[in-house]
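First up is the structure itself, then whatever we jot down about it.
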Amino acid sequence: TLFRSQHSQATSVHPGYVPKTSLSEPPWSPVKLPDAREEAIHHAEVVQRINNLIANGQFGRLFAVIHFASRQWKVTNEDLILSHADIDAKCGDKIRLEKVLLVGGDDFTLIGKPLLDRDHVRVEATVIEKTESCPKIHMRFWKRHRYQRKRIIVHPQTLLRINTIDRKST
Amino acid sequence: MTSRGTPSRFLQSVLRNGLGRYVCQLKRLTLVFSKEARSSHGAREFIEENIVDFAKQNPSIVMYVAPQKCSHPKLIAEYLNGAVKEEQINRKTGEEIVQLVQKLANQSGLDIIRIRKLYHTDSPSIQGQWHPFINKPTSLNVKDRKS
C-alpha cells in the first residue's frame, strides 16, 4: 500500500504551494531588488556627491536629533529647550551637546549608529534660565476614611537655547 | 488646582536672550529690612557678609538697601520685562537669603505657571513637512475624464 505522501500527484506540488485566491498574494506588485554591484556603484556615487556638498559648505539650515536629559529632541539653530533638571553650568555659560544621533539638511541626512562622531558635528547651546517649575499639587484622598495628604512639588528647570549646529567633513 | 484650572503659557524667552549675548534678566533688587527686629537678623547678616560679593559678581544688577521700620523684611526683584516679584525673607538665615537671591538672579521675569510644551522652534520643518502624498507615484493624482 502507498502512503498519501508517496502518490505521484502529491509530489508534483512543492510544499509551499497555496492555490491562487484574492488573499493568497499581497495586493501590491512583487518587489524587484536591484543588482548588488550596480547598487554598490550607485551608493558610492551618492556618498561622493554628498561629501562634496558638505566639503563645499553647500547646505543651509541643519537640524539634529540630540539625546539630552534622558530625552531625545529634534533641534535646529535658535530654538529653546526646557529640561526638568539642574545642570552644573551657570546662566550664560556655553555648553556643547555631544550625544548627537542624527544630523540632516535639505539634501542629505547623516544617521549615527547610534551616535555620530564627535569630530563631525558640533552642537552649541547657552543656558538662559534656571528656575523652578510651577507648584504641582500632589494630593491623596480616600472618601469616607478621613484620609487626605497634600504635598506641593516644585522641580528645578533649565532653559537652553541652541545656538549653532556645525557640520565639518573630515 | 489642576492644570486646566490654572493659567498656562508656551515656552518663550525674553527678547531672544541667548542668541547674541546672554543678558541677566534681573535689573533691580531692593532689600527692605529693619535695623533692630529679630526677624531681619538674616537680612542684616546677608548685608554684612554676602551682598558686596554678590553685587561684584553680577554687575548688571542694581542693589538697593532700605532700612525701614517693618515687621517682615522682604526682597523686591524687578525684571527687564517689567515683572515685579516680592519674596518674604522673614526669619531666614543669611545663607538661605544668598540662595534665594541667586535663584532670583537666574530667573527671567516670565510667569511661573504651567508651560505647555518643553520646546519652542521658529523653523519646525527643514526637509519639508510630511503629507500623505510624499513618496507616492504622481499617477495617483491623475484621473481619466470620460468625455
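Out of all DSSP beta bridges in the protein assembly as shown, what portion is antiparallel? Express it as a percent rounded to 5. Walk me through the numbers on the way to the answer.
Details: 52 of 60 bridges.
Of all bridge pairs located within the protein assembly as shown, approximately 85 percent are antiparallel.
Can you give me the orientation-averaged projected area of the convex hull built on the Cα atoms of region B:1-137, in nm²?
On the way: hull surface 50.3 nm².
So the Cα hull casts an average projection of 12.6 nm².
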Simple spin-label estimate for residue A:153/residue B:135, 7 Å along Cα→Cβ, in nm, reads 3.9 nm
Degrees separating the helix A:36-56 axis from the principal Cα axis of chain A, which is the longest one: 20 degrees
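How shielded is A:13-21 by partner chains, expressed as the average number of their Cβ atoms within 10 Å of its Cβ atoms? Provide the component values of the computation, followed by the final result.
On the way: counts 0, 0, 0, 0, 0, 0, 0, 0, 0.
Mean number of neighbouring Cβ atoms from other chains: 0.
In µm²/s, what is D for region A:1-91 at 20 °C and 1.002 mPa s, where D = kT/(6 pi eta Rh) by Stokes-Einstein and Rh is the Kirkwood radius from Cα pairs?
Numbers: Rh = 21.3 Å.
Estimated via Stokes-Einstein, D reaches 101 µm²/s.
Which value, to two decimals, describes the C-alpha radius of gyration of the protein assembly as shown once divided by 2.2 N^0.38 Å?
1.61
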Mind ranking B:55-61, A:17-23, A:149-155, B:71-77 by how tightly packed they are, going by the mean number of other C-beta atoms within 10 angstrom, highest first? B:71-77, B:55-61, A:149-155, A:17-23
Could you list log10 I(q)/I(0) for region A:86-135 at q = 0.18 Å⁻¹, which the Debye formula gives when each Cα is one point scatterer? -0.71
Once the Cβ-Cβ distance between residue A:61 and residue A:37 is put in as r, and R0 is 30 Å, what FRET efficiency do you end up with, to the nearest 0.05? 0.25
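Given a Förster radius of 45 Å and the C-beta distance between residue A:117 and residue B:38 as r, what FRET efficiency does 1/(1 + (r/R0)^6) yield to the nearest 0.05?
0.15
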Please report the antiparallel percentage of the DSSP beta bridges confined to chain B, to the nearest 5. 60 percent
Hypothetical label at residue A:25: residues of region B:127-147 whose amide nitrogen lies under 18 Å (7 Å Cα-Cβ projection): none
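Starting from the Kirkwood radius over alpha-carbon pairs of region B:80-121, derive D by Stokes-Einstein at 10 °C in a medium of 1.306 mPa s and give it in µm² s⁻¹.
Numbers: Rh = 12.6 Å.
It comes out at roughly 126 µm²/s.
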Value of Rg to Rh for region A:76-170 (Rh from inverse mean 1/r over Cα pairs, i.e. Kirkwood): 1.23
Span per principal axis, largest first, for the Cα atoms of region A:1-153 (Å): 86, 71, 27
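State, to one decimal in nm², a quarter of the convex hull surface area for the C-alpha atoms of region B:1-76, i.e. the direction-averaged projected area.
Numbers: hull surface 32.2 nm².
Result: 8.0 nm².
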Over all distinct Cα pairs, what is the inverse of the mean 1/r for region B:1-40, reported as the Kirkwood hydrodynamic radius in Å? 14.9 Å
For residues of A:74-85, the mean tally of beta carbons on other chains within 10 Å: 5
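Looking at region B:63-147 from every direction and averaging, what is the projected area of its Cα convex hull in nm²? Please report the intermediate quantities before stating the final value.
Numbers: hull surface 49.0 nm².
So the mean shadow area of the Cα hull is 12.2 nm².
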On a 0 to 90 degree scale, rounded to 10, what angle separates helix B:94-106 from the longest Cα axis of chain B? 30 degrees
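Using a Förster distance of 41 Å, how high is the FRET efficiency between residue A:49 and residue B:99, based on the Cβ-Cβ distance and rounded to 0.05?
Details: r = 56 Å, r/R0 = 1.37.
Efficiency computed from Cβ-Cβ geometry: 0.15.
Read the figures in this text as sums done on the coordinates, not as results from a lab. Not measured: the values here are computed from a predicted model. Backbone-built Cβ (ideal geometry, glycine too); neighbour counts: all protein chains shown.
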